């Protein structure tokens, strides 16, 4: 239950930050604010690609959780990770990038459409 609350707060924080950036940048594209993870396409159907920037430490771990808080994917950071979504159900998923001590470096969300 605790992980659900953590993920829910992460999601709300992500939405709030994005909406604040959109208000400030009305009419322009959102800048890349020291992001470690780039992912595409979003929404995704069959697979999603996560690119990790070069300065991201290879000791970092990367996890994906479904909206109920269950971990559905985990890997060590490499340059790129392609996740097959055939076993994923339609919905919103949350990813987290953590350092070697388990501290969250970055989180975000993506949508699976089927």
*Can you confirm whether segment 72-81 contains a residue that is under 14 Å from the mean Cα position of the chain (by Cα), buried (at least 17 other Cβ atoms within 10 Å of the Cβ) and farther than 16 Å from residue 42 by Cα?*
yes
*Give me a count of the residues in segment 103-114 that are under 15 Å from residue 71 (Cβ atoms) and out of contact with any strand residue (DSSP E or B) (no Cβ under 8 Å at 6 or more places or on another chain).*
0
*Flag if residue 106 is in a strand (DSSP E or B) and surrounded by 15 or more Cβ atoms within 10 Å (Cβ to Cβ)*: yes
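Where a number appears in this text, it was derived from the coordinates with a stated rule and is not lab data. The model shown is predicted, which means the values in this text are computed figures rather than measured ones. Neighbour counts are summed over all protein chains in view; Cβ atoms, including those assigned to glycine, are modelled from backbone coordinates with ideal geometry.
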